[in-house]
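Q: Let me begin by handing over the structure; questions about it come next.
Nothing in this text is a laboratory measurement; each read-out follows from the coordinates by a stated rule. Just so it is clear, the structure is predicted and the values come from calculations on it, not from any experiment. A quick note on method: Cβ atoms are made from the backbone with ideal geometry, for glycine too, and the neighbour counts reach across all protein chains shown.
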There are 2 protein chains.
Amino acid sequence: MSNPNVQELVAGFVLEMRRGMIVLAVLAKLETPTYGYSLIGELADTGIAIEANTLYPLLRRLEGQGLLESSWNTEGAKPRKYYTNTTFGQEVLAELKAQWNVTSKSMNKLLRDTRSTT
Amino acid sequence: MSNPNVQELVAGFVLEMRRGMIVLAVLAKLETPTYGYSLIGELADTGIAIEANTLYPLLRRLEGQGLLESSWNTEGAKPRKYYTNTTFGQEVLAELKAQWNVTSKSMNKLLRDTRSTT
DNA sequence: ACATCATATAGTGTGATGCACAGTATGTCA
DNA sequence: TGACATACTGTGCATCACACTATATGATGT
C-alpha cells in the first residue's frame, strides 16, 4: 500500500541492478551462436528482459572489445547476424561467472543477516 | 594461460555488476542507523567494496529521494552523520529484495543451463 | 491484384544518470 | 609530522533508455 511511486522508483533501481548482469547473461547465452533478435526472446524467457536498442549496441560493443565474433547467415529469408564468444570471451565469461557467484553469495548473506523488513 | 587484460576487462564489468546491488546493500544495512565511514567498512567485511567517493554521494542522493534520513551525532570526538531508512525506504527495500531474489534466481538458472566453460 | 499492416531483423542518435578518479577539508591521536 | 577518522565536491566517461529509421516477408482486407 502507501506510496504509489515505490514501483516507479524501484523500477529504476532494478534496471540498474540488471545492467551489470546483462553482460554475463549475454556471454553465457552466446556459448551457442545466436542472432540478436532471437537472443532477446531467449533472455526474456529466462526472466531477463533486454530491449533491442540496448542489446544491439551491446553486441557491437562486446565484439569491438574482442569478446564476440559475428557472421552473417544469408540463407533464410532475412539475413541474420550470428554472434558467439571468442576464446577471449570465454575466458572473460569464466571470470565473470566466478565473480557473480562470490558477489551474489555476499549479497544473500547480507540480506540474511539483516532483520526482515516485512 | 592467455590474455593478461582479462582481469582488467573483468574488473570493469564487475564494477558494473556491483553498481546495481549497492543500493540494495546500503538500504539493507541501514535498517540499523549507521554513519558513512563505518558503513564502508561493514560492507567491505561482507565482501561488497564501495569507496567513500561513491558512497557519500549515494547516501545524499538516497536521502534526497526520501529513502533515507540523517542526523548528526556530535557527542564523540568527530561528528558523525547517521543515516537510516525512512518508512518509504523500507518499502523500497522490501521491493528490491523481492526483485533481487527473482533476478538472481533467473541468473543462476541461466548459468546452470549453460554448458560449463571451464 | 493492390493496399496495408504485423512481424522479423538490424541498426542509429541523443539526453540523462551515476560511477570512478582525484582532490579538499578538518580534527585527533601517536 | 604524519596517519587515521570522517565527510564532502567537481568533472569526465561510460552506458543505458527512449524514440526513431530501414527493409523484406507473409498475412489480411477489399
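Q: Per DSSP helix of 4 or more residues, -39500 (n - 2.57); summed, then divided by the residues of the protein assembly as shown. What does that give at 222 nm, rounded to the nearest 500?
A: Numbers: 8 runs with 152 residues, N = 236.
Calculated from helices alone, the mean residue ellipticity at 222 nm is -22000 deg cm²/dmol.
Q: Along the Cα-to-Cβ line of B:Gln7, 7 Å from the Cα, sits a label point; which residues in the range B:39-54 have backbone N less than 19 Å from it?
A: The answer is B:49, whose backbone nitrogens lie closer than 19 Å to the label point.
Q: Using alpha carbon centroids, what distance separates the range A:71-102 and the range A:2-49, in Å?
A: Cα centroid of the range A:71-102 versus Cα centroid of the range A:2-49: 16 Å apart.
Q: Further, regarding this structure: Taking chain B as the reference, fit the longest principal axis to its C-alpha atoms, fit the long axis of helix B:36-46 to the helix C-alpha atoms, and give the angle between the two in degrees, 0 to 90, nearest 10.
A: 30
Q: Let me know the shape class of chain A, please: from the alpha-carbon gyration tensor, a ≥ b ≥ c as square roots of the eigenvalues, rounded when a/c is under 1.5, otherwise prolate if a/b is greater than b/c, or oblate. If you can, show how the numbers build up before the last one.
A: On the way: a/c = 3.04, a/b = 1.66, b/c = 1.84.
Oblate, since a/c reaches 1.5 and b/c is not below a/b.
Q: Using only Cα atoms and rounding to the nearest 10 degrees, what angle (0 to 90) does helix B:5-29 make with the longest principal axis of chain B?
A: Helix B:5-29 and the main axis of chain B meet at about 40 degrees.
Q: Sticking with this one: Taking K and R as +1 and D and E as -1, what net charge do the other residues with C-beta under 14 Å from the C-beta of A:Gly47 add up to?
A: Working: positive: A:Arg18, A:Lys29, B:Lys105, B:Lys109, B:Arg112; negative: A:Glu42, A:Asp45, B:Asp113.
Net charge around A:Gly47: +2.
Q: Order A:90-102, B:61-73 from most to least packed using the mean count of other Cβ atoms within 10 Å. List each step's numbers first, then the result.
A: Details: A:90-102: 18.5, B:61-73: 15.6.
Peptide ranking by packing, descending: A:90-102, B:61-73.
Q: Compute the acute angle (0 to 90°) between the alpha-carbon long axis of helix A:52-64 and the principal axis of greatest extent of the alpha-carbon atoms of chain A; round to the nearest 10°.
A: Around 60 degrees separate the two axes.
Q: Further question: Within chain A, what is the number of lysine pairs with alpha carbons under 25 Å apart, leaving out pairs fewer than eight places apart on the same chain? Intermediate results must be reported in sequence, preceding the final value.
A: Details: A:Lys29/A:Lys78; A:Lys29/A:Lys81; A:Lys29/A:Lys97; A:Lys29/A:Lys105; A:Lys97/A:Lys105; A:Lys97/A:Lys109.
Qualifying lysine pairs in chain A: 6.
Q: Take every residue in peptide A:22-35, count the Cβ atoms of other chains within 10 Å of its Cβ, and give the average of those counts. Could the numbers behind the result be given before it?
A: Numbers: counts 3, 6, 7, 5, 0, 3, 8, 3, 1, 4, 2, 0, 0, 0.
Taking all residues of A:22-35 together, the mean is 3.
Q: Turning to a different aspect of this structure: Run the quick spin-label model on B:Thr86 and B:Asn53: label points 7 Å from Cα toward the beta carbon, then report their separation in nm to one decimal.
A: With each label placed 7 Å out from Cα toward Cβ, I get 2.9 nm.
Q: In addition: Rounded to whole Å and sorted largest first, list the principal axis extents of the Cα atoms in the protein assembly as shown.
A: Sorted largest first, the three principal extents are 73, 45, 26 Å.
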